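Worksheet: the structure to be examined is printed underneath.
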Amino acid sequence: MAGSTMKVNIVASDRPLWAGDAKSVSIPASEGGMGILPDHEPLLTVIEKGTISAVDEDGERHSFEVTDGFASFDSNSLTVAVETGVGTDKDPTQTAD
């Protein structure tokens, strides 16, 4: 559906990485790269080392290099929990300490 968004929460074991509304998210699932759009079927999958990319409702891309974890999608809400993650954006609030 055009213009729809989903709630997204991306967290590392030591801190939150990003939360907000997104039009799409791509994740490095164990089965290969996976794209998730609003109203996706419920899923639970393993995340491998790679890049997570979320496109917010303004079209801005937020990217994170992550290690192992999992992603869960249900009721138009995506939760991604990873061991470690570092923002690759130029936004200083998304870089490692």
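Taken together, the values in this text are just the output of simple stated rules run on the coordinates, not laboratory data. Because the structure is predicted, anything quoted here is derived from the model rather than measured. So basically every Cβ, Gly included, is an ideal-geometry build from the backbone, and we count neighbours across all protein chains shown.
What to note about this one:
- P(r) tail fraction, the chain - alpha-carbon pairs more than 24 Å apart, %: 12
- Note on VAL46 and PHE70: the extension gain reaches 8.2 nm, defined as 0.36 nm multiplied by sequence separation minus the Cα-Cα distance.
- Fully extending the segment from GLU60 to SER30, taken as 0.36 nm per residue of separation minus the present Cα-Cα distance, adds 8.2 nm.
- Charged-residue dipole, Cβ positions (Lys, Arg, Asp, Glu), the chain about Cα centre, Debye nearest 20: 40
- Considering only ILE47, ILE36, ILE27, the Gaussian network model of the chain with Cα springs below 10 Å gives its largest mean-square fluctuation to ILE36.
- Using a simple spin-label model with pseudo-atoms 7 Å out from Cα toward Cβ, VAL86 and LYS7 lie 3.1 nm apart.
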